[in-house]
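Visitor: For reference, the structure I am asking about is given below.
The values are calculated or read from the model by the stated rules, or taken from the named source; none is laboratory data. Please read all numbers here as calculations on a predicted model, not as lab measurements. Ideal geometry is used to build each Cβ from the backbone, glycine not excepted, and the neighbour counts take in all protein chains shown.
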């Protein structure tokens, strides 16, 4: 029986012969408990890191007598580790923002957290922080690119420099145009040459405008 690829980081820390012998035990525990296989397998492999094949099977049998308890302990440990990593990330993000935004670091930090909660790219977040400062501490306009542009043409350099994840960041008075899978801008709204059929997203000082020209 093959191991799930999702657990590759865990089962590389367990001897391969032991990992293979665990599969029937895992399936038996899953059938008896109704728990998800990936959870049971991840929890067990985590407990058996560094365990030799000689004692690993016996240890696994003991742990799988209570698969729910095994999984609950694993999920709690994962949550604690996730919280630790998030705390470290937030601390480093605050330090970065303090260097970029001397006038309103807390506002910039909160803007980044609210607008880009999933982003872990410090370089992209630093660019967004600088734009927030350039925007006078006012909210940024965030334009999702995933559903607006295709791979028909490479993104212009000025777009790439404004990306945070799959979002394009605009400041007040800027606009960006989308047509036939291509992106034009961001440019000052007055400088954007609007073509027929182009979709335009603008970032005025009032709420964002999104319209398509016929």
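Visitor: On the basis of being outside the structural domain of residue 169 (by TED's automatic domain parsing), closer than 22 Å to residue 186 by Cβ and either modelled with pLDDT under 90 or loosely packed, with under 11 Cβ neighbours inside 10 Å (or both), does residue 91 make the cut?
Guide: No.
Visitor: Specify the residue that is modelled with the highest pLDDT; the eligible residues are those in the stretch 131-165 that are assigned to a loop (DSSP other than H, G, I, E, B), touching a strand residue (DSSP E or B) at 6+ places or on another chain (Cβ under 7 Å) and more than 24 Å from residue 104 (Cα to Cα).
Guide: Here the answer is 145.
Visitor: Just checking, how many residues over the stretch 39-67 are assigned to a helix (DSSP H, G or I) and surrounded by 13 or more Cβ atoms within 10 Å (Cβ to Cβ)?
Guide: Total meeting the criteria: 17.
Visitor: Which of the residues belonging to the stretch 33-52 are touching a helix residue (DSSP H, G or I) at 6+ places or on another chain (Cβ under 9 Å) and more than 14 Å from residue 23 (Cα to Cα)?
Guide: The answer is 33, 35, 46, 47, 49, 51, 52.
Visitor: Now a separate question. Of the residues that sit in the stretch 166-184 and are modelled with pLDDT of 85 or more and closer than 15 Å to residue 125 by Cβ, which one is surrounded by the most Cβ atoms within 10 Å (Cβ to Cβ)?
Guide: So, considering only residues that are modelled with pLDDT of 85 or more and closer than 15 Å to residue 125 by Cβ, the one surrounded by the most Cβ atoms within 10 Å (Cβ to Cβ) is 168.
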